[in-house]
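Before any comments, here is the structure.
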Amino acid sequence: MTIVIAGAGIGGLTAALSLHAAGFTDVTVYERVSELRPLGLGINLLPHAVRELTELGLAERVAALGVAPSTLAYFTRHGQRIWSEPRGLGAGYRWPQVSVNRGRLQAMLLDAVRERLGADAVRTSHALTTVEHGAHADVASFTTPDGSVRVEANVIVGADGIHSALRRQYHPDEGQPRWNGLILWRGTARVPAYLDGRTMIMAGDGVQKFVAYPLSPPDVDGTAWVNFIAERRYDGAQQAADWNRAVDHAPIIDLFADWRFDWLDVPAVIAAAEELLEYPMVDRDPIDRWTHGHSTLLGDAAHPMYPNGSNGASQAILDARTLAWHLATAPDIARALAAYEDDRRPATTALVLSNRRQGPEQVMVMAHERAPDGFVDIDDVFAPGELADIAASYKRAAGFHPDALNGRASLSPPGRR
Ligand SMILES: Cc1cc2nc3c(=O)[nH]c(=O)nc-3n(C[C@H](O)[C@H](O)[C@H](O)COP(=O)(O)OP(=O)(O)OC[C@H]3O[C@@H](n4cnc5c(N)ncnc54)[C@H](O)[C@@H]3O)c2cc1C
């Protein structure tokens, strides 16, 4: 079976590794850019994604890339703790959560694809334009620096990100991604380690927010690489959703000038960033069909979502493993693609919509609405069990409640575990 994947992001590369592990040998990834440079800042691999990478034999390489957070904690804009919970192994999962640099993760996956599938398995400077459908195979057309190329394949996977060409073929009027009025400024900085050195924090309300998590353990001098996202609601026209747009630090430091907590100096963290990248918080409306002929969508091409809940890369990894499982176990390609979509589309649709309602981060908005000037005791603000229920229901919706994940059967096809 010939399988073509468009896009060498986290989703496309994991799909190639998963298909190879499931026994498919003729798998090629076509990538638009001429050189895959390690772009992007921090992302979180949640336990359900780390499980899949572990089953692909990549656990040690993933662990070496980052830090396993011990705790996730929510604070008010005054630095008062609302809720905290253990993460990863400490929360009862059989797999850790790992905070990594996106570019380093992509580079590690690229190396693994080339080692396992061959040096020629990833072809750069190939931008997917369209797919035509035949009875037994589809044909993908790519533009290249030398003109265009047509490739026939039994399965074509559009893993080509939030501006997917394959998705646009079926939704030509969809236009730009939908903006919710929030602007994100993302950066990494070497700063004094905070709290236990392994805690992911979120502080703020519905208007302004600061998220930080370490990407390295504390060094001997007590500093660590910390990834952060500063966020603010704005009126005005949306900018293009470009992951690499750099902006000045000064206005953003001003916005957070009084966010100096006794456990973290937010303006100092922003000031220490080497580079500040601006991005509008965008997603797309869920669509009612991913599969046409022998082509389907995966990752951000299928379900771009807000980063609340840290789920974008993890869901792309789950898509990749689920697709490979069904292609290896279903009686034919049509039924495999239908089963993949049945498994993944409703689940990711629910997540896109849940993230629009702020996912588990709604506790910061609720605390602000109920106690805008702060509180003496958080139990005066939330009913008994309310905070725990919010955290548990998001985990269930995202497929990573510890009981569900620990008990779920492997997505490695029988005989290939
Ligand atoms: C440069 C970059 C930086 C990012 N930085 C962050 C970050 O800091 N934090 C964060 O949370 N998320 C970031 N993301 C998004 C995050 O990686 C994804 O949400 C998540 O990993 C899902 O990945 P994906 O593989 O589905 O899509 P993506 O990671 O977007 O990968 C899609 C790939 O497809 C390629 N492509 C696009 N169009 C075509 C085409 N027509 N033909 C062939 N190939 C094509 C792209 O070049 C890219 O390599 C970034 C994405 C990119 C592309």
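The values are calculated or read from the model by the stated rules, or taken from the named source; none is laboratory data. Quick caveat: nothing in here was measured; it's all calculated off a predicted structure. Note that we place each Cβ from the backbone using ideal geometry, even for glycine, and neighbour counts take in every protein chain shown.
Screening TYR340 on (1) at pLDDT 95 or above; (2) within 13 Å of the ligand (Cβ to nearest atom); (3) aromatic (Phe, Trp, Tyr) shows it passes everything except condition (2).
Of the residues ALA301, ALA316, ALA338, ALA320, the single one that is touching a Lys or Arg at 6+ places or on another chain (Cβ under 6 Å) and either touching a residue at least 40 places away in the same chain (Cβ under 8 Å) or within 23 Å of TRP243 (Cα to Cα) (or both) is ALA301. The set of residues from region 1-37 being of a type in the set (D, E, K, R), at pLDDT 95 or above and within 12 Å of the ligand (Cβ to nearest atom) comprises GLU31, ARG32. Exactly one residue out of GLY40, GLY57 is more than 14 Å from the ligand (Cβ to nearest atom), part of a loop (DSSP other than H, G, I, E, B) and of a type in the set (Gly, Ala, Ser), and it is GLY57.
Applying the criterion of at least 2 residues that are under 30 Å from ALA336 (Cβ atoms) to the strands (runs of 3 or more DSSP E) found wholly in region 208-301 leaves 295-297. Residues that are more than 14 Å from VAL266 (Cβ to Cβ) and among the polar types (S, T, N, Q) within region 199-219 comprise THR199, SER216, listed in sequence order. Per the listing ALA112, ALA8, ALA107, ALA15, the residue uniquely touching a strand residue (DSSP E or B) at 6+ places or on another chain (Cβ under 6 Å), more than 28 Å from VAL365 (Cα to Cα), in a helix (DSSP H, G or I) and among the hydrophobic types (A, V, I, L, M, F, W, C) is ALA15. Checked against the criterion of being of a type in the set (D, E, K, R) and either within 16 Å of the ligand (Cβ to nearest atom) or under 22 Å from TRP185 (Cβ atoms) (or both), the candidates GLU369, GLU278 yield just one match: GLU278. Residue count for region 76-100 under the criterion of being touching a helix residue (DSSP H, G or I) at 6+ places or on another chain (Cβ under 9 Å) and within 19 Å of ALA224 (Cβ to Cβ): the result is 6. Checking each residue in region 74-121 for being away from the ligand (no atom under 14 Å from the Cβ) and touching a Lys or Arg at 6+ places or on another chain (Cβ under 6 Å) picks out PHE75, TRP95, GLN97. Residue count for region 156-170 satisfying the condition of being more than 7 Å from the ligand (Cβ to nearest atom) and either crowded, with 24+ Cβ neighbours inside 10 Å or part of a loop (DSSP other than H, G, I, E, B) (or both): 4. In this entry, PRO304 is excluded by the filter for residues that are modelled with pLDDT of 95 or more, under 17 Å from the mean Cα position of the chain (by Cα) and surrounded by fewer than 23 Cβ atoms within 10 Å (Cβ to Cβ).
Restricted to region 288-332, and to residues there that are among the small types (Gly, Ala, Ser) and touching a Leu at 6+ places or on another chain (Cβ under 6 Å), the residue that is nearest to the ligand (Cβ to nearest atom) is SER314. Out of PRO217, PRO192, PRO177, PRO145, one residue alone is in contact with a Ser or Thr (Cβ under 9 Å, 6 or more places away or on another chain) and either closer than 30 Å to LEU72 by Cβ or surrounded by 17 or more Cβ atoms within 10 Å (Cβ to Cβ) (or both). It is PRO192.
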